[in-house]
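Comments concern the structure below.
Just so it is clear, none of the values below were taken in a lab; they were calculated from the coordinates. If you're wondering where the values come from, they're calculated on a predicted model, not measured in any experiment. Backbone-built Cβ (ideal geometry, glycine too); neighbour counts: all protein chains shown.
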Amino acid sequence: MKRKHVLPFGAELLSQGDTRFRLWAPKASSVELELSASGDLIRMAAREQGWFEVETAARAGTQYRFRIDGEHRVPDPASRFQREGVHGASEVLDPNSFEWEDEAWRGRPWEQTILYELHVGTFSPEGTFAGAERRLDYLAQLGVSAIELMPVACFPGKRNWGYDGVLPYAPAQSYGRPEDLKRLLDSAHAKGLMVFLDVVYNHFGPEGNYLWLYAPQFFTDRHRTPWGEAINFDGDHSRTVRDFFLHNALYWLEEYHFDGLRFDAVHAIKDDSRPDILTELAETIRRKLAGREIHLVLENDNNAARYLEREGNRRPRWYSAQWNDDIHHAAHVLVTGERDGYYAEYGDDPAAKLGRCLTEGFAWQGEGSPFRGGAARGEPSRNLPPECFVSFLQNHDQVGNRACGERVACLSSSAALRALAAVLLLAPSPPLLFMGEEFGATTPFLFFCDWSGSLADKVRNGRREEFRKFERFSSPEAQQQIPDPNLLPTFLASKLDWNCLERPPHAEWLKIYRELLAVRRHKIVPVLKEIVPGAARYQTLGREAVLASWELTTGGSLGLFANFGQEPVLAPHEPKGSPVYATFAQAELNPRQMPGFSAAWFLNA
């Protein structure tokens, strides 16, 4: 089977063997196509509204650039592959040359989702798409149902988190060729695994973005973001900009057959138009790909619950879910005791914040946020079903944004972590694991990049300045201990150590996670659609224990009793139903009393 998403720009092979090249360059007076093999310069015809176009003989594998006003040689912003990186030539690809074997694959229902987030460059020793493919059997046996790849769009240098991509249609050459990525997806589908991709539509990276030279209309000074001027989604010429990202989303879902997309930091997308770009993206995808299970997930610090609205059949109108930072922050405070930064506003009542997240979605649903100077944050989410909120014990941000990249396994006791894992992996909301979490990895996941010169200095010094407000790094000497993101050892230290599985306690952690995920598949997933939205309840028992229950349409319930303190806690009443899982031997279970650092689930079906 062959798959191709036809692009209205970039390089598109035509049926007769020629290629049509098309570039939007409204600032340019002239544009020429440079074919690298021959060195020929072919003048591109100017069309309306800043478009330049030419059709010429160029087959798959041809390297090409655009020359702007006889001076600047730039890659194609819609390049499908960059053999030599972001500053090199683009390559004409024939998507139909790849033969897919997953014709029968239609995806999996959202309620079955158990996400496993991984960074291609650090997940395997090889750091490639092929290296990740060789670990698929391991992931299937672990019990996850979906892999979420951190961004793979072409970035400057040889290593990067992925959030500094500048060519969003081209998989990074450091990880392999486009065919290698397609083989990863094809193999994953053969094993019943969905594959999601993290995409970045809120900014371009600071190096290798040539759009400023010939299409400054791509950006606007009407809005500001943490990275400077915003992408122009709502001003003059914004239709072309919106189409660039609409096609990018469809391209990954159609040409690469991804099962879902995770949209990075959409709170940094500034758009006053109606419908806004997030709404148009979701509506376009759902209309064009109606015959497949496609899952769209937001990262949105604004807690804008409106994007998670459900249709009458409980299917998402727009987005399937949002990453729920609130539940992570509350849980992190409970098991580590940390109160710095944004954790401070969860410190007084972490069990209550956790309970509200478990049963209502967001902890902040319009209340004033102390961390944000009292500004209101969030929208009411109680009446949304729990599948709208992706929960996690850790992810790339919550580990990598720490100065030294420590994982939570290095910050808490194993007993507290086991209780927390039992809560988040069996709760109704879909869980996400960060690579290595399942075997208690202690290798750091640091922020890393591959820049040089003044940009490298700016990133290194900026990161150290960022952590100066933390007591631990208040002195210049302590700041010097923060790893330099640009150095190769920083990247290498972030690679998973798979050999540790042969040593305790990692094998035991893997056994626990496999057991928990099996319980989720067999006991929890079958009742998820029976949970009544808006009917869940929670009760705190002091600062560190919580009771929660979810009402089922059958008249039964799903219940949780969790204690993150050292001392036993007595509940005012016995949870309903039979025990499904406990972090201790069920023979020792007293339903009304929970030992320290323990959790138990009950099902009254």
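One table, with the values for the structure above:
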read-out: Descending semi-axes in Å of the chain, equivalent ellipsoid built from Cα gyration tensor; value: 43, 26, 23
read-out: Computed over the chain: relative contact order in percent, which uses C-alpha pairs under 8 Å that are six or more apart; value: 11
read-out: Between region 4-42 and region 546-590, the Cα center-to-center distance that results, in Å; value: 63
read-out: Percent breakdown of C-alpha pair distances by 10 Å bin, ordered from the shortest bin, for region 527-573; value: 27, 43, 25, 5
read-out: Inverse mean reciprocal Cα-Cα distance (Kirkwood Rh) of region 22-80, Å; value: 11.6
read-out: Distant alpha-carbon pairs in region 435-594 (separation over 28 angstrom), percent; value: 51
read-out: Of 288/529; 4/288; 2/182; 158/495; 2/288; 27/158, pairs whose Cα-Cα distance is over 23 Å; value: 288/529; 27/158
read-out: Computed lengthening from residue 414 to residue 570, 0.36 nm per intervening residue step minus Cα-Cα distance; value: 53.9 nm
read-out: Förster radius 41 Å - calculated FRET efficiency between residue 372 and residue 458, Cβ distance, rounded to 0.05; value: 0.95
read-out: Gain in span if fully extended, residue 59 to residue 382, counting 0.36 nm per residue against the direct Cα distance; value: 110.8 nm
read-out: Distance between region 373-434 and region 107-125 - C-alpha centres, whole angstrom; value: 16
read-out: Cα extents of region 1-106 along the three principal axes, largest first (Å); value: 49, 29, 26
read-out: Surface/4 estimate of mean projected area, convex hull on alpha-carbon atoms of region 371-452, nm²; value: 8.3
read-out: Ascending count of other beta-carbon atoms within 10 Å, so fewest first, for 30, 557, 90; value: 30, 557, 90
read-out: Span from the region 447-490 Cα centroid across to the region 189-240 one, whole angstrom; value: 26
read-out: Amide H contacts under 5 Å for residue 593, placed H, 5+ residues apart; value: 571
read-out: Rg/Rh (Cα only; Kirkwood hydrodynamic radius) as it applies to region 402-520; value: 1.06
read-out: Principal axis dimensions, region 164-289 - Cα atoms, whole angstrom, descending; value: 47, 33, 23
read-out: Convex hull volume of region 456-517 per residue (C-alpha atoms, cubic angstrom); value: 154
read-out: Computed log₁₀ I(q)/I(0) - Debye formula, equal Cα scatterers, no solvent, region 530-604, q 0.12, 0.14, 0.15, 0.18 Å⁻¹; value: -0.30, -0.41, -0.47, -0.66
read-out: Sorted by Cβ neighbour density within 10 Å, fewest at the top, the residues 349, 236; value: 236, 349
read-out: Region 320-388 - Debye-derived log10 I(q)/I(0), Cα point model, q = 0.22, 0.26 Å⁻¹; value: -0.93, -1.21
read-out: Relative contact order computed over region 530-604 (Cα-Cα under 8 Å; 6+ residues apart), in percent; value: 30
read-out: Cβ-defined net charge surrounding residue 4, 13 Å radius [Lys, Arg +1; Asp, Glu -1]; value: -1
read-out: Exposure proxy ranking, count of Cβ atoms within 10 Å, fewest first, for 293, 99, 48, 515; value: 48, 99, 515, 293
read-out: For region 58-154, diffusion coefficient by Stokes-Einstein and Kirkwood Rh (Cα), 4 °C, 1.567 mPa s, µm²/s; value: 78
read-out: Where a label projected 7 Å from the Cα of residue 87 along Cα→Cβ would reach, residues of region 488-520 with amide N under 15 Å; value: none
read-out: Extension reserve of the residue 284-residue 73 stretch, reckoned as 0.36 nm per residue once the Cα distance is removed; value: 72.6 nm
read-out: Rh (Kirkwood; distinct C-alpha pairs) - region 87-201, Å; value: 14.8
